[in-house]
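Derivation of every value follows stated rules applied to the coordinates shown; laboratory data play no part. Keep in mind it's a predicted model, so treat the numbers as computed, not measured. With ideal geometry, Cβ positions are generated from the backbone for all residues, glycine too; neighbour counts draw on all protein chains shown.
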Amino acid sequence: MAFIRTIPVTEASGEVRDMYERTQASLGYVPNYAQAFSLRPAVMAAWSNLLSSIRANLDPRRYELVTLAAARALHSSYCSLAHASALACANISTRQTNWHPSPEISRPPASRRPT
């Protein structure tokens, strides 16, 4: 259950539906952070542009390591799990990142696990 009002995927229309569809196509699912932007899709677009600009100057491993470090510094378990999962999907071990998930953190969704 969200702590903020969001537009559920099943009820999205117009610009929000387009945003959800792009996210679904890119990630295979619509994560909570995308739904958090549902009342302000223009902010999501600006945020996505910023991330694209940053990613253009970093290799994927470095980007995920930097974002994982930032998430840890902010004590964001949500972002830490997301970026650690991205590293795991890229077959970069937690030993290489010096990050060890707590026992209560689950594995990434099946669609995001390495094969």
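Just to be sure I understand the model, the point goes 7 Å from the Cα along the line to the Cβ. What's the resulting residue 72 to residue 32 distance in nm?
Each label point lies 7 Å from its Cα, and together they span 2.1 nm.
Lys and Arg at +1, Asp and Glu at -1: add these up for the other residues within a Cβ distance under 10 Å of residue 84 and post the number.
0
Hey, what do the phi angles of the stretch 70-80 turn into as Karplus ³J(HN,Hα) couplings, whole Hz, using 6.51/-1.76/1.60 and θ = phi - 60°, x for Gly and Pro?
Per-residue couplings from phi come out as 5, 4, 5, 4, 8, 6, 9, 5, 4, 6, 4 Hz.
Work out the FRET efficiency for residue 52 and residue 18 from their Cβ-Cβ distance, taking R0 = 22 Å, and round it to the nearest 0.05.
Efficiency computed from Cβ-Cβ geometry: 0.80.
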